[in-house]
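Report on one structure; see the data block that follows.
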Protein chains: 2
Amino acid sequence: MKALGRQILVEFYDCDADVINDVTMVEEILLTATRAAKASIISHNFHKFSPHGISGTVVIAESHVAIHTWPEYNYAAVDIFTCGETIDPWIIQEYIKEHFFSKNVSSMEMKRGMFKVGPGEELLFKPKNSGAVKILN
Amino acid sequence: MKALGRQILVEFYDCDADVINDVTMVEEILLTATRAAKASIISHNFHKFSPHGISGTVVIAESHVAIHTWPEYNYAAVDIFTCGETIDPWIIQEYIKEHFFSKNVSSMEMKRGMFKVGPGEELLFKPKNSGAVKILN
């Protein structure tokens, strides 16, 4: 069995509440983390809730990064979904951890899209953007 | 321990390739599924890759729904992340299954943001939008 994608579900506990309640900072941290992993950014949307909490998504050519923050619990949930072999999702996790000042991180890696392949065969990953969508980076 | 959120990771195998390669249909199916579960839609972005494959995210007041499709494998990966008790993520899954004509679905439910609470205590969920963001529905 081989997988089309991998997904890291990250629990960032004990974060700096001021950072994870600042929509401009959260967006910048996620975009910079995503660029550090050499992902190709296609779109991004971040929203601040009242009185607190941020939700955001970054669609990348290689899948997506999503975040929800609960500053009142110093907690942020982040999903890092990648396909292909060019992106290292752990670079994204480490950058976010450092910039959220998270003192307690728990991660789980999942395989997505499992298929049987013959000996020596590989799954063909979604072709990296070939002009159909605009890369923002 | 109680959780701030729940997340359903869904593998839709044996889908109709024409449906999951049509960005307009995929977007409409996800938005309708999300509305059927009475979620509040804040933003949505869908992109078609060349020569095939779609990625998209729907940010909802209650968290998000994300999709990546591989029509060449008749496969779609969907994440349904919700918080609070008002949304039933399985309604979203069932609607998508039916409209993708998926004959083989595999789901895993994860708890996100686990915290110890005292007897009788509850976690306070992210307040449903209180005017800070515009609901599109």
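In a shell of Cβ-Cβ distance under 13 Å around B:Thr34, excluding B:Thr34 itself, what net charge do Lys and Arg (+1) and Asp and Glu (-1) give?
Details: positive: B:Arg35, B:Lys38; negative: B:Glu27, B:Glu28, B:Glu62, B:Asp79, B:Asp88, B:Glu94.
In short, -4.
Using a 1.4 Å probe over the heavy atoms of the protein chains, calculate the carbon and sulfur portion of the accessible area of segment B:28-93 as a whole percent.
Working: 890 of 1670 Å².
Using a 1.4 Å probe with all protein chains present, segment B:28-93 comes out at 54 percent carbon and sulfur.
Can you work out the Karplus-derived ³J(HN,Hα) for every residue in segment B:114-119? Use 6.51 cos²θ - 1.76 cosθ + 1.60 with θ = phi - 60°, whole Hz, and x for glycine or proline.
Per-residue couplings from phi come out as 8, 9, 6, 10, x, x Hz.
Across segment A:102-107, in residue order, what do the Karplus-derived ³J(HN,Hα) couplings come to in whole Hz, using 6.51 cos²θ - 1.76 cosθ + 1.60 with θ = phi - 60° and x for Gly and Pro?
Here the 3J(HN,Hα) series is 6, 9, 8, 10, 10, 10 Hz.
What figure in square angstrom, to the nearest 10, would you give for the accessible area of A:Thr86 with a 1.4 Å probe?
Taking all protein chains as shown, A:Thr86 has close to 100 Å².
I need two numbers for the protein assembly as shown: Rg to one decimal and Dmax as a whole number, Cα atoms only, in Å.
17.7, 56
Roughly how many Å² is the accessible area per residue of chain A, as a whole number, for a 1.4 Å probe?
About 42 Å² of surface per residue is accessible.
Does segment B:1-77 come out rounded, prolate or oblate by the C-alpha gyration tensor, with a ≥ b ≥ c the root eigenvalues, rounded set by a/c under 1.5 and, if not, prolate when a/b is larger than b/c and oblate if not?
The shape class here is prolate.
Can you give me the orientation-averaged projected area of the convex hull built on the Cα atoms of segment B:13-137, in nm²?
For segment B:13-137, averaging the hull's shadow over all directions gives 8.6 nm².
Against the longest principal axis of chain B, how steep is helix B:89-100, in degrees 0 to 90 to the nearest 10, with axes from Cα atoms?
The two axes meet at around 10 degrees.
Tell me, what ³J(HN,Hα) does each residue in segment B:52-69 have, in order and in whole Hz, if you take phi through Karplus 6.51 cos²θ - 1.76 cosθ + 1.60 with θ = phi - 60° and put x for Gly and Pro?
7, x, 10, 10, x, 9, 10, 8, 10, 4, 9, 2, 7, 10, 10, 9, 9, 10
Please report, for A:Asn137, the nm distances (one decimal) from its label point, 7 Å out from Cα along the beta-carbon direction, to the equivalent points in the remaining copies, shortest first.
So the label point of A:Asn137 gives 3.9 nm to the other copies.
Which value at 222 nm does chain A reach when only helices count, each DSSP H run of 4 or more adding -39,500 (n - 2.57), with the total divided by all residues and rounded to the nearest 500 deg cm²/dmol?
Result for chain A: -6500 deg cm²/dmol, rounded to the nearest 500.
Near the amide H of A:Ile42, under 5 Å away, which other amide H atoms are found, from residues 5 or more places off or on another chain, if H is placed in the peptide plane?
Amide H neighbours of A:Ile42, under 5 Å, 5+ apart: A:Val59, A:Ile60, A:Ala61, A:Leu136.
Of the trypsin sites (Lys or Arg not before Pro) in segment B:38-137, which ones lie in a loop per DSSP and count no more than 14 other C-beta atoms within 10 Å?
B:Lys38, B:Lys103, B:Lys116, B:Lys128, B:Lys134
What is the minimum Cβ-to-axis distance for chain A, in whole Å, where the axis maps A onto B, and to which residue does it belong?
With distances in whole Å, chain A gives A:Thr57, 2.
At a cut-off of 40 Å², which residues of segment B:41-71 become less accessible once all protein chains are present than in their chain alone, using a 1.4 Å probe?
Flagged in segment B:41-71: B:Asn45, B:His47, B:Phe49, B:Ser50, B:Thr57, B:Val59, B:His64, B:His68, B:Trp70.
Could you tell me the number of lysine pairs in segment B:2-115 with C-alpha atoms less than 29 Å from each other, where the two lysines are 8 or more residues apart or belong to different chains?
Taking the Cα cut-off of 29 Å, the pair count is 10.
Between copies, how close do the A:Met114 label points come, placed 7 Å along Cα→Cβ, listed in nm from shortest?
Between copies, matching label points for A:Met114 lie 2.1 nm apart.
What do you get for the angle between helix A:23-36 and the principal long axis of chain A? Use alpha-carbon atoms, 0 to 90 degrees, nearest ten.
Between helix and principal axis, roughly 30 degrees.
Summing both sides, how much accessible area is buried between B and A? Use a 1.4 Å probe and give Å² to the nearest 100.
Separately minus together, B and A give about 4100 Å² buried.
Assign unit charges at the C-beta atoms only (+1 for Lys and Arg, -1 for Asp and Glu), then state the dipole size of segment A:2-115 relative to its Cα centre in Debye, rounded to the nearest 20.
I would put it at about 480 debye.
The values are calculated or read from the model by the stated rules, or taken from the named source; none is laboratory data. Nothing here was measured: the structure is a model prediction, and the numbers come from that model. Reconstructed Cβ throughout: ideal geometry from the backbone, glycine too, with neighbour counts over all protein chains shown. The accessibility values were calculated without ligands, DNA or RNA, using every heavy atom of the protein model including side chains. Shrake-Rupley method; radii C 1.70, N 1.55, O 1.52, S 1.80 Å.
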